[in-house]
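What follows is a short report on a single structure.
The values are calculated or read from the model by the stated rules, or taken from the named source; none is laboratory data. Nothing here was measured: the structure is a model prediction, and the numbers come from that model. We place every Cβ from the backbone using ideal geometry, glycine too, and count neighbours over all the protein chains shown. Heads up: the accessible areas ignore ligands, DNA and RNA and are worked out on the full protein's heavy atoms, side chains in. Shrake-Rupley method; radii C 1.70, N 1.55, O 1.52, S 1.80 Å.
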Amino acid sequence: MNYDSLYKQSLKSPELFWETQSNEIEWFKKPQEILSKDSNDYYQWFKDGTTNLSYLCIDKHINDGYGEQLAVVYDSPVTHKKESFTFNQLYDEVSRLAGGLKSLGLEKGDTCLLYMPMIPQAVFAMLACARLGVIHSVVFGGFAPHELAIRINDCKPKAIITASHGIEINRVIPYKPFVDIAIEKADFKPEKVILFKREEAPVMDQKPYDVDYQQLVADSKITAAIELPSTHPSYILYTSGTTGTPKGIIRDTGGYATALKFSMKKIYGVDEGETYWAASDVGWVVGHSYIVYGPLINRNTTILFEGKPIKTPDASTFWRVISEHNVSVMFTAPTAIRAIKKEDPDGEYIKKYDLSSLKFQFLAGERCDAATLLWTKKHLGIPVIDHWWQTESGWPMLANMVGVELLESKVGSAGKPVCGYDIQILNENGLETKPDEEGYIAIKLPLPPGTLKNIWGNTERFKKGYLERFPDFYFSGDGGYKDSDGYVFVTGRVDDIINVAGHRLSTAEMEEVVSNHTDVAECAVFGIHCDLKGQQPLGLIVLKSKTSNQLDQIQNQIVLNVREEIGAVASLRNVLVVNRLPKTRSGKIMRKLLRNIADVDDFKVPSTLNDIQIISEIQDIYKSHRIGKFQ
Ligand code: COA
Ligand code: AMP
């Protein structure tokens, strides 16, 4: 069947379509009720089916006779270590850890926070939680203790699983000490912290809540995967919203498994037994869906890469990993390719490796610029596919579904809607725009299986943020347009979320930290273009009339505060002082205008601007600091 007919089928009879797809995974009890509504009057899939993600990722393959196939390959250029785990070994690690968690009192419905570097124990911990129906919440290591504390207060974990330390380029990240600080800051106190001590772990304080990971696993017994309702929350994953508080996206179990299995075969075109590599981090949705659950459900060998595209040790690392582990399909962010391209513009490293195993290179996480796409295509000589999705969807919404039919790609477009997603471009009034006319990217309900269920503890925010803007649609927060052939072009967020090196960050959250500085009267933080990271945050501050500190002291302190409160990943490096900020007549700061002054040559001055003179003032400041196009 070609893409067009499969896509049409998925929209015409969603229940029949997804019931058929659900037969591709194993159920303890097959669902009879395919699509229904939950107590919040929102859609849910496979309500009466039961299964278990950990079982699907491990036990099923052993039962099918693939116990000796490699499940996880850990490749860590930062520690010079490599380690492989077969499905049998994964079973041992995961089911013993699950036994350990059980012995500590963790059970179905409890929450457990994971703060881990990219080591195999991060994967074991996620799967051990899933085995017991414990809802995990993985927090990305680049977030600071304050952010960790916010998440602890929100999801109230019974336990935290962490490691002694992580390794960044030339820097050790003190994971366990960060957890201790976060617990001290948080109002909610977890009962236990399960600590995996890595080799060469620095000396750390012992806390009464500490449990030794290695000892816990050694003392534990093999523990079976329990039967879980399809609608059981498998995890909470926090993502940036437009306020200072992150949103805990909830994922279900059976719908997620069905969607991931479908996506591995039909979007990524990867067969069981092949090696799949998503060069991301378990702290992001890409890590959840395509380092852990997707490839393992599809019986692929997944690569767990602890390194960077460059400097670990150089720009050849990606190509070495693909060649050494026979990777069939790879997924990374355009920013990683830009970093490689900068160091190796002629792709000399690419020529040195046998990359014949690689069928497709997928890119996502941020808008992909034409130069990056074309460079990758030229040097790899295989289809390079930009595709679009977000934490909320859990799996791709726009793509070239190469497992169904390899369509012609259009530079600048993330492809056509994936089966199950009725993607429409709407105008302010909720009406569909004409071809090539820009609008809001929205998706007609119901969303397919595997997409968000709710926001943890905040149904109102879920409805307000996603469902109320356009009745009967899910609003993605992105803008874009569709051409007359049905290709969708994503132009960027229409809210205050920015994307820095493929990391989704909230400028509202940064503004909160900046405005807390005693010398700041008001401020604006927004994203401007960056050749390497796609976007980078820029802060503008208006100082109070009487300040006690030197200007550069204030600026440095603000940069440090953001790093300490949000984390290094926020990457706020530039804070400039202005006399005033552009505002609408009703007093709203015009962040889009501030961004346009930095990035766009021929921008439109909004009619609501109360004072036109301010534009040249801001331009002069950007010029003197070589910001954006004034570099
Ligand atoms: N734990 C702790 N700190 C982390 C971290 C982690 N897991 N990940 C990043 N950081 C830190 C970095 O060390 C850096 O700190 P510094 O300011 O002291 O140098 C800071 O956060 C910013 O990191 P980043 O934006 O990643 O910049 P970089 O210069 O270290 O690396 C790239 C640039 C392009 C190589 C890197 O961003 C990259 O590989 N990006 C791909 C991202 C990706 O895969 N995204 C997932 C979506 S698919
Ligand atoms: P996250 O939830 O962290 O995965 O970030 C999702 C956001 O990243 C989306 O809402 C988009 O703004 C952006 N994004 C992801 N993939 C793409 C893409 N292929 N093209 C353009 N923007 C993208």
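Details
- Tally of residues being under 22 Å from Ile222 (Cβ atoms), in contact with a helix residue (DSSP H, G or I) (Cβ under 7 Å, 6 or more places away or on another chain) and open to solvent by less than 10 Å² (accessible area, probe 1.4 Å) across the stretch 94-128: 15
- Counting only strands (runs of 3 or more DSSP E) wholly contained in the stretch 469-536, the ones carrying 1 or more residues that are more than 16 Å from ligand 1 (Cβ to nearest atom), within 17 Å of Ile627 (Cβ to Cβ) and touching a helix residue (DSSP H, G or I) at 6+ places or on another chain (Cβ under 9 Å) occupy 520-530.
- Matching residues in the stretch 163-209 - criterion: being open to solvent by less than 60 Å² (accessible area, probe 1.4 Å) and charged (D, E, K, R): Lys176, Asp180, Arg198, Lys207
- Some residue of the stretch 330-342 being touching a residue at least 40 places away in the same chain (Cβ under 8 Å) and open to solvent by 30 Å² or more (accessible area, probe 1.4 Å): yes
- Candidate set: the stretch 473-489, residues that are within 10 Å of ligand 2 (Cβ to nearest atom) and more than 17 Å from the chain's Cα centre (by Cα); chosen: the one most open to solvent (accessible area, probe 1.4 Å): Phe489
Conditions (1) of a type in the set (A, V, I, L, M, F, W, C); (2) touching a helix residue (DSSP H, G or I) at 6+ places or on another chain (Cβ under 8 Å); (3) within 11 Å of ligand 2 (Cβ to nearest atom); (4) open to solvent by 30 Å² or more (accessible area, probe 1.4 Å), marked per residue:
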{"residue": "Tyr353", "(1), (2), (3), (4)": "no, yes, no, yes"}
{"residue": "Ser393", "(1), (2), (3), (4)": "no, no, yes, no"}
{"residue": "Ala399", "(1), (2), (3), (4)": "yes, no, yes, no"}
{"residue": "Glu408", "(1), (2), (3), (4)": "no, no, no, yes"}
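- Qualifying residue in the stretch 59-68 (condition: over 30 Å from Glu200 (Cα atoms) and of a type in the set (A, V, I, L, M)): yes
- Conditions (1) within 14 Å of ligand 1 (Cβ to nearest atom); (2) open to solvent by 10 Å² or more (accessible area, probe 1.4 Å); number of the one not met by Lys377: (1)
- Number of positions in the stretch 506-515 that are within 12 Å of ligand 2 (Cβ to nearest atom) and modelled with pLDDT of 95 or more: 0
- Members of the stretch 78-93 found to be open to solvent by 10 Å² or more (accessible area, probe 1.4 Å) and of a type outside the set (Ser, Thr, Tyr), listed by number: Val78, His80, Lys81, Lys82, Glu83, Phe85, Asn88, Gln89, Asp92, Glu93
- The lone criterion from (1) open to solvent by 50 Å² or more (accessible area, probe 1.4 Å); (2) assigned to a helix (DSSP H, G or I); (3) closer than 22 Å to Ile618 by Cα left unmet by Asn579 is number (2).
- Sole residue being more than 16 Å from Pro396 (Cα to Cα) and away from ligand 1 (no atom under 16 Å from the Cβ), chosen from Gly450, Gly420, Gly415, Gly457: Gly457
- First in the stretch 583-603 and in the same structural domain as Ser624 (by TED's automatic domain parsing), second anywhere and open to solvent by 30 Å² or more (accessible area, probe 1.4 Å) and among the hydroxyl-bearing types (Ser, Thr, Tyr), Cβ under 7 Å, 6 or more apart: Thr584/Thr608; Arg585/Thr608
- Candidate set from the stretch 537-574 (those that are part of a loop (DSSP other than H, G, I, E, B) and of a type in the set (Lys, Arg)); member that is farthest from ligand 2 (Cβ to nearest atom): Lys546
- Of the strands (runs of 3 or more DSSP E) lying entirely inside the stretch 81-176, those containing at least 3 residues that are in the same structural domain as Asp205 (by TED's automatic domain parsing) and among the hydrophobic types (A, V, I, L, M, F, W, C) are 111-115, 159-163.
- Condition check for Asp281: at pLDDT 95 or above, open to solvent by 10 Å² or more (accessible area, probe 1.4 Å) and away from ligand 2 (no atom under 15 Å from the Cβ): no
- When Lys311 is tested against (1) near ligand 1 (Cβ under 9 Å from one of its atoms); (2) basic (Lys, Arg); (3) under 24 Å from Pro396 (Cα atoms), just one condition goes unmet, and that condition is (3).
- Residue in the stretch 436-444 that is in contact with a helix residue (DSSP H, G or I) (Cβ under 9 Å, 6 or more places away or on another chain) and either surrounded by fewer than 23 Cβ atoms within 10 Å (Cβ to Cβ) or in contact (Cβ under 8 Å) with a residue 60 or more places away in the chain (or both) present: yes
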